[in-house]
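Read-outs throughout are calculated quantities, based only on the coordinates presented, and are distinct from any laboratory measurement. This structure is a prediction, so every number in the text was calculated from the model and none was measured. With ideal geometry, Cβ positions are generated from the backbone for all residues, glycine too; neighbour counts draw on all protein chains shown.
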């Protein structure tokens, strides 16, 4: 009698397991395309954001070209080059600005306080080298709320925009790592120093992850792309 009850219970559990597995499979199939479409939409939005002039807000390339190139290159993240400080991630999107300059958009990840912080950036070629146009922090989910997670705020990310070639050549640093020098936000950018201590108090590790990512992307572009 006990064996029959155990068998009955086992069969019941097996049926429930099969039904639950089938239900999950159906849900996955039904939502897979929607999730994929959402990921593409989010990536396109981030790309369009870094391609905008931080001052005027105007997109610096033809929007039709953006959609065409992103559709061709895809949005799936892949490793372009690993460094000891972090990893540069593709796809690498190359555009032509409305005034004829080459524009590069790519991403990189570097260790933050709780895990990797992923940053997308747009670099523009000019007569003196590369200029950093703008960034968008894509993933900071493991950073501390109220501290490192403030890196997700637009006003904070704007501090990392419009860094000139001479600033990038020096290596980008947050102001605390540079000894907290005096000067305006724009004056410090010319030296590759991003002033964030006043808007991200006690969160140097997270903002440092962003500057590390910027430096790695700049290094990859200058050493692996522009020298080809």
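Indicate the gyration tensor shape class of region 158-224 (rounded, prolate or oblate), computed on the Cα atoms with a ≥ b ≥ c the square roots of the eigenvalues: a/c under 1.5 is rounded; otherwise a/b larger than b/c is prolate and the rest oblate.
Details: a/c = 2.18, a/b = 1.41, b/c = 1.54.
Since a/c reaches 1.5 but b/c is at least a/b, the shape of region 158-224 is classed as oblate.
Need one number: nm distance between label points at residue 139 and residue 154, each 7 Å from Cα along Cα→Cβ, rounded to one decimal.
Label-label distance for residue 139 and residue 154, simple model: 2.5 nm.
Output the relative contact order of region 45-225, whole-number percent, from Cα pairs under 8 angstrom with separation of 6+ residues.
Numbers: 364 pairs, mean separation 37.1, N = 181.
Dividing the mean separation by the residue count of region 45-225 yields 20 percent.
Compare the peptides 184-196, 146-158 by average per-residue count of other Cβ atoms within 10 angstrom and give them in order, highest first.
Values: 184-196: 18.5, 146-158: 16.3.
So the order, starting with the most tightly packed, is 184-196, 146-158.
How much of the DSSP bridge set in region 45-225 is antiparallel, in percent, rounded to the nearest 5?
Numbers: 33 of 35 bridges.
Here the share of antiparallel DSSP bridges comes out near 95 percent.
Report the label-to-label distance for residue 96 and residue 42 in nanometres (one decimal), using points 7 Å from each Cα along the Cα→Cβ vector.
Reported label-point gap for residue 96 and residue 42 is 3.3 nm.
Could you please tell me the mean projected area of the C-alpha convex hull for region 45-225, averaged over all directions and given in square nanometres to one decimal? Write down the numbers at each step before the final one.
Numbers: hull surface 39.1 nm².
The Cα convex hull of region 45-225, projected and averaged over all directions, gives 9.8 nm².
What's the exposure ranking of 94, 79, 206, 212, going from fewest to most Cβ atoms within 10 Å? Intermediate values should be presented prior to the final figure.
On the way: 94 13, 79 10, 206 28, 212 23.
Fewest-to-most Cβ neighbours within 10 Å comes out as 79, 94, 212, 206.
At a 10 Å Cβ-Cβ cut-off, how would you order 77, 161, 141, fewest neighbours first? Could the numbers behind the result be given before it?
Values: 77 16, 161 20, 141 13.
Placing the least packed residue first, the sequence is 141, 77, 161.
If the label point is 7 Å along Cα→Cβ of residue 222, which residues in region 178-195 have backbone nitrogen under 14 Å from it?
191-193
What order do you get for 61, 210 when you list them from fewest to most C-beta neighbours inside 10 Å? Mind dumping the intermediate values first?
Working: 61 22, 210 28.
So the ranking, lowest neighbour count to highest, is 61, 210.
What nm distance separates the two modelled labels at residue 68 and residue 166, each placed 7 Å from Cα along Cα→Cβ?
So the two model labels end up 3.8 nm from each other.
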